[in-house]
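Notes follow once the structure below has been shown.
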Amino acid sequence: FNSVYKEVLVDPQALLPSNEACLRLPGIDGKAKMSKSLGNCIYLADTAEDVNTAIMKKMYTDPLHIRKEDPGHLEGNVVFTYLDAFCKDEHFERYLPAYANLDELKEHYTRGGLGDVKVKKFLNNVLQEELEPIRERRKMFEKDIPEIYNILRKGSEVARETAARTLDEVKSAMRINYFED
C-alpha cells in the first residue's frame, strides 16, 4: 500500500521476549504446547496451591533420572525449560543459595547428585514469586467489576478513534474520500 500510494500504514513490529525460552512454553506434561483443552497449563488465575500441585505432581522432568545419583538430561525437561524462562540469579540468593546461577544448577543436575524434587521446589518458589503480584492485582480489580468495564470501554473508544483516523488517512491517500476531496 505504502509503495503505491504514500506512507500511511505502519508495519507492525512483533513484541517478543528476549528470552528464547519464553517464546513458546511447553505444557507441563512436556508433550505439546500449553493448551486449555489438553489441561496442561498453569494459569495466571491459579492459586499458589494449584501452581504447587502442577509443578510437583504433574510437571514432566527426565524419565531417565530415576535416582538422585543418576545424571540428568536438560533437553525436553520441562522444569528446566520453565527455569530458563523465569529464573533470575537473585532467585538463587533467596531460594537456593548453594548455587550462584542456573548454569551451576544445570551442571550439577547433568552430572548427577541432584534430585528432581529439589529442582521442582526451586521452580515452585520462582513461579510463586513471579505470579504473586499478578494475583494481587487480580484480587484488587475483582473488587470493582464496574471499573473493569469502564477501563475496557475507554480502551475500546481509543481503539475506535485510532482506527477511524487511520481509515481517513487511507481513503485520503487513495483519493476515495469522496466527501472531503
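At-a-glance table
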read-out: Positive minus negative residues near Leu114 (Lys, Arg vs Asp, Glu; Cβ under 15 Å); value: 0
read-out: Radius 14 Å from Cβ of Gly39, net charge of other residues (Lys, Arg +1; Asp, Glu -1); value: +2
read-out: Alpha-carbon centroid distance for the pair segment 148-181 / segment 113-142, whole angstrom; value: 42
read-out: Range of Cα positions in segment 77-181 per principal axis (Å), largest first; value: 77, 38, 21
read-out: For the chain: span of alpha carbons on each principal axis (Å, largest first); value: 79, 44, 33
read-out: Base-10 log of normalised Debye intensity for segment 24-76 (one unit scatterer per alpha-carbon) at q = 0.13, 0.27 Å⁻¹; value: -0.37, -1.07
read-out: Nearby lysines by direct alpha-carbon distance to Lys121 (threshold 18 angstrom, same-chain neighbours under 8 apart not counted); value: Lys57, Lys58, Lys68, Lys88, Lys106
read-out: Theoretical ellipticity at 222 nm over the chain - DSSP helices of four or more residues, -39500 (n - 2.57) apiece, nearest 500; value: -16000 deg cm²/dmol
read-out: Most mobile listed residue (Leu23, Leu105, Leu127) in the chain, GNM with C-alpha springs under 10 Å; value: Leu23
read-out: Straight-distance crosslink candidates among lysines, where the alpha carbon sits under 30 Å from Lys154 and sequence neighbours closer than 8 are dropped; value: Lys36, Lys139, Lys143, Lys171
read-out: Helical segments meeting 18 Å axial Cα length and Kyte-Doolittle -1.0 threshold in the chain (DSSP H); value: 116-142, 145-174
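Values quoted throughout were computed directly from the atomic coordinates according to the rules given, and no laboratory measurement underlies them. Just so we're clear, the structure is a prediction, and the values are computed from it rather than from any experiment. Because the Cβ atoms are built from the backbone with ideal geometry, glycine has one as well, and the counts that use them run over all protein chains shown.
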